[in-house]
Amino acid sequence: MFNRLKYLPWRSLIVVALLTVAIATVLDLLLVWAIQSAVVSSALSLVRDGVLGAIMQFLVSIGIGALAVYLLERWQGVAILSASTLWALVPCVMLVLFLKSLLIPSAFFLEVSRMTLVGVVVGIFWKGRPYWH
């Protein structure tokens, strides 16, 4: 079992995870910049607080997972996508999200939590459904 881990495209997975989190961070920072407007600020505060905020964080996490698979499909270094490659993508994305949270504090929706983990897994396997074989 552990022998197969050596043959996964780890370098490509980390690069895709870095690119995915970089895109999500830029979008997150753009939301913070948009909050500077009073009208946008009041609307986004409604979306961020309470139950709706938790749902939005979950949906953003699903989007991050789906974006990671989309970028992985386009990446030249990965020849074959499979369920094991998708499972290996999960810790790569979560590791990069964790490292990002140490360097750049969460601005709006990008937080590392169990809900984020579940959302990333759902997004990866929802977008990666054709590769489950």
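The values are calculated or read from the model by the stated rules, or taken from the named source; none is laboratory data. Nothing here was measured: the structure is a model prediction, and the numbers come from that model. Using ideal geometry, Cβ is built from the backbone for each residue, glycine included, and neighbour counts are taken over all protein chains shown. We work out accessible area using only protein heavy atoms, side chains counted, and drop any ligands, DNA or RNA first. Shrake-Rupley method; radii C 1.70, N 1.55, O 1.52, S 1.80 Å.
Contact map, region 50-69: residues that are on the phi < 0 side of the Ramachandran plot and among the β-branched types (V, I, T) paired with residues that are open to solvent by 60 Å² or more (accessible area, probe 1.4 Å) and in a helix (DSSP H, G or I), Cβ distance under 8 Å, separation 6+ or inter-chain. Pairs shown: I62/V122; I62/W126; V69/K127.
The residue pairs whose first member lies in region 117-133 and is loosely packed, with under 14 Cβ neighbours inside 10 Å, whose second member is part of a helix (DSSP H, G or I), and whose beta carbons are closer than 6 Å, counting only pairs six or more residues apart or on different chains, are W132/A83. Counting only helices (runs of 4 or more DSSP H) that sit wholly inside region 31-113, those with at least 2 residues that are modelled with pLDDT under 80 and either over 11 Å from the mean Cα position of the chain (by Cα) or crowded, with 19+ Cβ neighbours inside 10 Å (or both) are 38-48, 50-74.
Residue count for region 1-12 satisfying the condition of being out of contact with any Phe, Trp or Tyr (no Cβ under 6 Å at 6 or more places or on another chain) and either open to solvent by less than 90 Å² (accessible area, probe 1.4 Å) or assigned to a helix (DSSP H, G or I) (or both): 8. Within region 13-24, the residues that satisfy the criterion of being crowded, with 19+ Cβ neighbours inside 10 Å and of a type outside the set (V, I, T) are L13, A17, A24.
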